[in-house]
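Undergrad: One structure, as structure tokens, below. Some questions next.
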Amino acid sequence: MAREFSTVGVVGLGTMGAGIVEVFARNGIDVVAVEISAPALERGRATLKGSTDRAVAKGKLAEADRDALHERVHFAVGLDALHSVDLVIEAVPEHLDLKQRIFAELDRVCRPETILATNTSSLSVTEISVATSRPNQVIGIHFFNPAPVMKLVEVVRTVVTAPEVVADVEALCARLGKVDVTINDRAGFIANALLFGYLNHAVGMFESHYATREDIDAAMKLGCGLPMGPLALMDLIGLDTAYEILDTMYRRGGRDRRHAPVPLLKQMVTAGLLGRKSGRGFYTYERPGSPVVVPDEATPLATESALADGARAITKVGIVGSGTMATGIIEVFAKAGYEVVSVTRGMEKSAKVCEAVKTSLNKGVVRGKLAEADRDAALGRISWSATLDHLADVDLVVEAVVEELSVKKALFASLDEICKPGVVLATTTSSLPVIDVAMATHRPADVVGLHFFNPAPVMPLVEVVRTIRTSPETTATARAVCAALGKTGVVCGDRSGFIVNALLFPYLNDAVKMLEASYSTADDIDHAMKLGCGYPMGPFELLDVVGLDVALAIQRELYLELREPGFAPAPLLEHLVTAGYLGRKTRRGFRDHSHR
Ligand SMILES: NC(=O)c1ccc[n+]([C@@H]2O[C@H](COP(=O)([O-])OP(=O)(O)OC[C@H]3O[C@@H](n4cnc5c(N)ncnc54)[C@H](O)[C@@H]3O)[C@@H](O)[C@H]2O)c1
């Protein structure tokens, strides 16, 4: 029989604590909610009220249920109010000495059988537990932000946590409607160990002006389907909390430089820019605690200013190549009203591409997404050619040929001879340096990267890669073209992986390393990222779709360019690729797909 928890205590009603109170009270459990001072208590009460009022307004909670929920919560200043609760969850700031002090005090105040839990994200639960005389009844219960929404709970057992305490807490999680993964006490557990290197890397990109905050966030949302971008997520977590988590993970997690907090973070914390809770972090919010972003001095002006940026007029576009990307890009441009010249290496290939474009457009018609007349108009705008000479009068060329530098360089040298002056020359490369391609021409200022995602007609993101020689007009033109295509163009520098792959693949590689270290299973790691962070797929699901060989190649590029030890490809990934386990395409990757 699992232990009954009828009353729980929550210590600290900040970003996490207030949400944790709500989770318990919503599920019919009485809560004693404790803060350090009367004003802090009021803030906590207001947060709970705001959250439940929003739930009522959204129709997710009945008014009567909200009122009953509030009746279950008893607010108090000081830990003494916790004398008769069955379980305490501590959610005070991420400092070991503070948490140890609170646990020593809880040990004194609470009944001997009370379970003491910490919501720490990165500190050692074991070290916290030894501040009490009952380390076997101390456990980590790590909720995710926002606690009422995110389904995952990481249950952290130490070497001394009693098995029945673990079982009781697991049963409690089920009662709360949460999914738990139970793991050992390691810095960052599953989700944060995989998340924070990525978040810190994104802050580093912002700090070095590699891309704007809007572009970094849009890239990860639109390129990977994440619920929010990394900088918006930092604001939600709280920059002070994020700083402490990174700092602890750096010290506890093997001094991985990727966890050394980017200096800008410390500056922002010192300046009181803590994110949503203080009303300003990477973004500016309506008021402290509000999720509503308001424009500030860094907010980009609306796109109609593109012409003022010197964007050139584009009406006729040449697209070179006959593969998946070229086919998709031809469709995208033709549908958006551009006159398109498709150039392949032979009329046979042209016929195939033409067929593929027709099939795709027809699918749009069948699905009711495209009118027949629009399909015919789009097809009518495309001319098919097997010679580059037909690109003499286009305004923009998009190159989407094989991913080999020598081939691309030769092509750009030819384009340089054939195309009229002022044309924008774009490469869709996903891994080669755009500057290498640009320098094959005598007009590197006109060369830019346009990194489309697959399938191009569907994916809303394009990375606009400017080299150190790309002119502002060329970048503005590329961005304006993306907007005209109905895509979001994000501008970034010419570094390996641009924005999306540079942030995504090291995270996937870290997941492989975690599996390799036998810290957790592929299923639990996938669960943790989906249910704790709202990712559309877990890392192993995604790796099997992307292809392990592709992931390994990208990771190697990143490692070779930056020589960051943490980017070294996981040996397990290399072994799987050597063994021919490449993912779904070979019916076996991290999982066996032969029966599906
Ligand atoms: N922010 C997140 O996204 C997130 C997610 C999961 C876990 N966590 C963890 O949750 C814990 C709390 O983080 P947070 O972001 O909610 O911090 P926070 O700064 O938003 O809130 C901490 C609260 O603790 C209160 N407090 C401080 N000293 C106290 C004391 N002696 N007694 C009672 N209350 C006290 C503060 O007044 C404040 O309201 C940390 O361990 C953090 O690592 C945070």
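Since every read-out is calculated from the coordinates, none of them should be taken as a lab result. Every value quoted in this text rests on a predicted model; they were computed, and no experiment measured them. We place every Cβ from the backbone using ideal geometry, glycine too, and count neighbours over all the protein chains shown.
Undergrad: Yes or no: Val512 touching a residue at least 12 places away in the same chain (Cβ under 8 Å), surrounded by fewer than 17 Cβ atoms within 10 Å (Cβ to Cβ) and part of a helix (DSSP H, G or I)?
TA: No, not satisfied.
Undergrad: Scan region 311-321 residue by residue and report those that are closer than 15 Å to Ser383 by Cβ and crowded, with 22+ Cβ neighbours inside 10 Å.
TA: Within region 311-321, Val317, Gly318, Ile319, Val320 qualify.
Results for (1) touching a residue at least 60 places away in the same chain (Cβ under 8 Å); (2) farther than 30 Å from Thr467 by Cβ, shown as yes or no for each residue.
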{"site": "Gly368", "(1), (2)": "no, yes"}
{"site": "Glu372", "(1), (2)": "no, yes"}
{"site": "Thr387", "(1), (2)": "no, no"}
{"site": "Glu417", "(1), (2)": "no, no"}
{"site": "Thr427", "(1), (2)": "no, no"}
{"site": "Ser430", "(1), (2)": "yes, no"}
{"site": "Pro444", "(1), (2)": "no, no"}
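Undergrad: Still on this model: Looking for something small (Gly, Ala, Ser) and surrounded by fewer than 13 Cβ atoms within 10 Å (Cβ to Cβ) - is there at least one such residue anywhere in region 357-366?
TA: The answer is no; no qualifying residue exists.
Undergrad: May I pose another question? Does at least one position in region 77-87 carry a residue that is outside any helix (DSSP H, G or I), under 18 Å from Glu42 (Cα atoms), within 16 Å of the ligand (Cβ to nearest atom) and touching a Gly at 6+ places or on another chain (Cβ under 8 Å)?
TA: no
Undergrad: Further question: Out of region 172-196, which residues are within 16 Å of the ligand (Cβ to nearest atom), more than 16 Å from Leu239 (Cβ to Cβ) and part of a helix (DSSP H, G or I)?
TA: Cys173, Ala191, Ala193, Leu194, listed by residue number.
Undergrad: Is it true that some residue in region 179-193 is crowded, with 23+ Cβ neighbours inside 10 Å, touching a strand residue (DSSP E or B) at 6+ places or on another chain (Cβ under 7 Å), under 24 Å from Gly19 (Cα atoms) and hydroxyl-bearing (Ser, Thr, Tyr)?
TA: No.
Undergrad: Another question about this same structure. Filter region 385-425 for residues that are β-branched (Val, Ile, Thr), farther than 17 Å from Gly346 by Cβ and in a loop (DSSP other than H, G, I, E, B) and give the result.
TA: Correct list: Val394, Val423.
Undergrad: Restricting attention to region 575-596, which residues are of a type in the set (Gly, Ala, Ser) and in contact (Cβ under 8 Å) with a residue 12 or more places away in the chain?
TA: Selection gives Gly583, Gly589.
Undergrad: Are any residues in region 16-48 surrounded by 22 or more Cβ atoms within 10 Å (Cβ to Cβ), near the ligand (Cβ under 9 Å from one of its atoms) and either small (Gly, Ala, Ser) or part of a helix (DSSP H, G or I) (or both), and if so, which ones?
TA: Result: Met16, Gly17, Ala18, Gly19, Ile20, Gly44.
Undergrad: Looking at region 216-245, I want the residues that are within 10 Å of the ligand (Cβ to nearest atom) and have a partner that is outside any helix (DSSP H, G or I) and acidic (Asp, Glu) with Cβ atoms under 8 Å, at least 6 apart or on another chain. Which pairs are those?
TA: Thr241/Glu94; Glu244/Glu94; Ile245/Glu94
Undergrad: So, Gly238, is that one surrounded by fewer than 24 Cβ atoms within 10 Å (Cβ to Cβ) and of a type in the set (Gly, Ala, Ser) or not?
TA: No: the conditions fail for Gly238.
Undergrad: Mind telling me which of the residues Val149, Val155 ends up being part of a loop (DSSP other than H, G, I, E, B) and either under 24 Å from Gly197 (Cα atoms) or more than 10 Å from the ligand (Cβ to nearest atom) (or both)?
TA: Sole residue among the options that is part of a loop (DSSP other than H, G, I, E, B) and either under 24 Å from Gly197 (Cα atoms) or more than 10 Å from the ligand (Cβ to nearest atom) (or both): Val149.
Undergrad: Still on this structure: Would you pick out the residues in region 89-124 that are within 11 Å of the ligand (Cβ to nearest atom), buried (at least 21 other Cβ atoms within 10 Å of the Cβ) and of a type in the set (A, V, I, L, M)?
TA: The answer is Ile89, Ala91, Val92, Ile102, Leu106, Leu123.
Undergrad: Quick one: which of Leu69, Leu61 is surrounded by 13 or more Cβ atoms within 10 Å (Cβ to Cβ), part of a loop (DSSP other than H, G, I, E, B) and away from the ligand (no atom under 16 Å from the Cβ)?
TA: Leu61
Undergrad: I'd like to verify a number: residues in region 49-91 that are under 22 Å from Val149 (Cβ atoms) and touching a residue at least 40 places away in the same chain (Cβ under 8 Å), how many?
TA: Residues that pass the stated criteria total 11.
Undergrad: In region 1-15, what count of residues is obtained for those that are within 8 Å of the ligand (Cβ to nearest atom) and either surrounded by fewer than 24 Cβ atoms within 10 Å (Cβ to Cβ) or not in a strand (DSSP E or B) (or both)?
TA: Looking only at that region, the number is 4.
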